[in-house]
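This report concerns only the one structure given below.
The values are calculated or read from the model by the stated rules, or taken from the named source; none is laboratory data. Keep in mind it's a predicted model, so treat the numbers as computed, not measured. Ideal geometry is used to build each Cβ from the backbone, glycine not excepted, and the neighbour counts take in all protein chains shown.
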Amino acid sequence: MNCCPTCGQRVTENLVLVDRTTNTIACRGYTIHAAPKPLELLALLLRCAPRAITKDLIIETVWGDHEPYNADKCIHIMIHKLRKVIRPLGLEIETVHWRGYRLVGDFILGKEAA
């Protein structure tokens, strides 16, 4: 069985590993590199799945006290890009009208590095 070189966790087919030290997400034989803010958003979606997360929680988690003036547009763009990137992993981001977004798919969240 393969092990994650960073955390040593055994890797299974549907295990998703988020590594903030290298800004990568690994799952199903794919390793995806992401900028820190989209990676933080994906990590939040993974931790909260299958529940929907609000835009307010996204803003608080990704930007903290430094919310951009166009946060809604930034979120929309990040979600759009993440959808394309995570599709090969068998994951989907659904829009939950009047609520926010949620991550769906068959996965197990592994230990997060850093």
Please verify whether THR54 is modelled with pLDDT of 85 or more and among the polar types (S, T, N, Q), treating the condition exactly as stated.
yes
Being within 18 Å of VAL16 (Cα to Cα), in contact (Cβ under 8 Å) with a residue 60 or more places away in the chain and either among the polar types (S, T, N, Q) or touching a strand residue (DSSP E or B) at 6+ places or on another chain (Cβ under 9 Å) (or both) narrows it down to one residue among ARG28, ARG51, ARG102; which is it?
ARG28
Residue that is surrounded by the fewest Cβ atoms within 10 Å (Cβ to Cβ) [pool: residues in the range 78-99 that are over 14 Å from the mean Cα position of the chain (by Cα) and of a type in the set (A, V, I, L, M, F, W, C)]
TRP98
May I ask you to verify whether PRO68 is modelled with pLDDT under 90, loosely packed, with under 13 Cβ neighbours inside 10 Å and in contact with a Cys (Cβ under 9 Å, 6 or more places away or on another chain)?
yes
Sole miss for LEU44 among (1) in contact (Cβ under 8 Å) with a residue 60 or more places away in the chain; (2) buried (at least 17 other Cβ atoms within 10 Å of the Cβ) is condition (1)
Any idea how many residues of the range 1-37 are of a type in the set (A, V, I, L, M, F, W, C), in a loop (DSSP other than H, G, I, E, B) and modelled with pLDDT of 75 or more?
2
